[in-house]
Amino acid sequence: MNVIDKISADSLLGGRSVLPREPRSGLDWVDIVRHGISSQALDFILKSIGISQAELAQALDIPERTLARRKREGVFSREESAKLLRLARVAARAAEVFEDLELAIGWLKSPVAALGDVTPLSLIDTDIGADSVLDTLGRIEHGVFA
């Protein structure tokens, strides 16, 4: 998928087929997260970024059994929704920087020297880790690789 298609966090989560409305600002996302993202978003993000449910559980620090339970219950908790959105936002930003979703996902799954030789995906479970990944993407975008 090319970035000409404009990858966004909401599209990676399933867009209008999953979200109650199209988020137009950060404040819209706050409300969506507070009410919980539909568990249908799980299938969309797994397919969008090409990872297994086990890899997603590890990246978000949410037990696989909890993901399966949320899928049955129909909605993620506030905290789980925030983690899912954080992953979608980082993946969308990587797609923007690399101008290709497949290249972006490959980068997210590969060890990066600027991140201590760990995969960016392994850092998404915390805000600070995600910020470090976003900072590194900004450096790549501006031609600063270290």
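The values are calculated or read from the model by the stated rules, or taken from the named source; none is laboratory data. Just so we're clear, the structure is a prediction, and the values are computed from it rather than from any experiment. Please note: Cβ atoms are built from the backbone with ideal geometry, for glycine as well, and neighbour counts cover all protein chains shown.
Looking across the stretch 1-26, the residues that are on the phi > 0 side of the Ramachandran plot and modelled with pLDDT of 90 or more come down to GLY14, GLY15.
Here LEU84 fulfils each of the conditions (1) under 15 Å from ASP125 (Cβ atoms); (2) of a type outside the set (Ser, Thr, Tyr); (3) surrounded by fewer than 18 Cβ atoms within 10 Å (Cβ to Cβ) apart from (3).
The conditions of being among the hydroxyl-bearing types (Ser, Thr, Tyr) and at pLDDT below 95 are not met by SER110.
The helices (runs of 4 or more DSSP H) located wholly in the stretch 26-79 that include 3 or more residues which are within 14 Å of the chain's Cα centre (by Cα) occupy 40-49, 53-60. Any residue in the stretch 43-51 that is among the hydroxyl-bearing types (Ser, Thr, Tyr), closer than 23 Å to PRO20 by Cα, free of Cβ contacts under 8 Å to residues at least 60 places away in the same chain and surrounded by fewer than 18 Cβ atoms within 10 Å (Cβ to Cβ)? Taking every residue of the stretch 43-51 in turn, none turns out to be among the hydroxyl-bearing types (Ser, Thr, Tyr), closer than 23 Å to PRO20 by Cα, free of Cβ contacts under 8 Å to residues at least 60 places away in the same chain and surrounded by fewer than 18 Cβ atoms within 10 Å (Cβ to Cβ). Just to verify a result, which residue in the stretch 98-146, among those that are without any contact (Cβ under 8 Å) to a residue 60 or more places away in the chain and on the phi > 0 side of the Ramachandran plot, is surrounded by the fewest Cβ atoms within 10 Å (Cβ to Cβ)? That would be GLY143. Residue count for the stretch 70-86 satisfying the condition of being more than 16 Å from LEU13 (Cβ to Cβ) and touching a helix residue (DSSP H, G or I) at 6+ places or on another chain (Cβ under 6 Å): 0.
When the stretch 40-69 is examined, which residues are found to be polar (S, T, N, Q) and farther than 14 Å from SER11 by Cα? Residues satisfying the conditions are SER52, GLN53, GLN58, THR66.
Within the stretch 3-25, being of a type in the set (Val, Ile, Thr), part of a loop (DSSP other than H, G, I, E, B) and touching a residue at least 60 places away in the same chain (Cβ under 8 Å) holds for one residue alone: ILE7.
Would the stretch 87-104 turn up any residue that is closer than 19 Å to SER11 by Cα, modelled with pLDDT under 95 and assigned to a loop (DSSP other than H, G, I, E, B)? Looking through the stretch 87-104, at least one residue is closer than 19 Å to SER11 by Cα, modelled with pLDDT under 95 and assigned to a loop (DSSP other than H, G, I, E, B).
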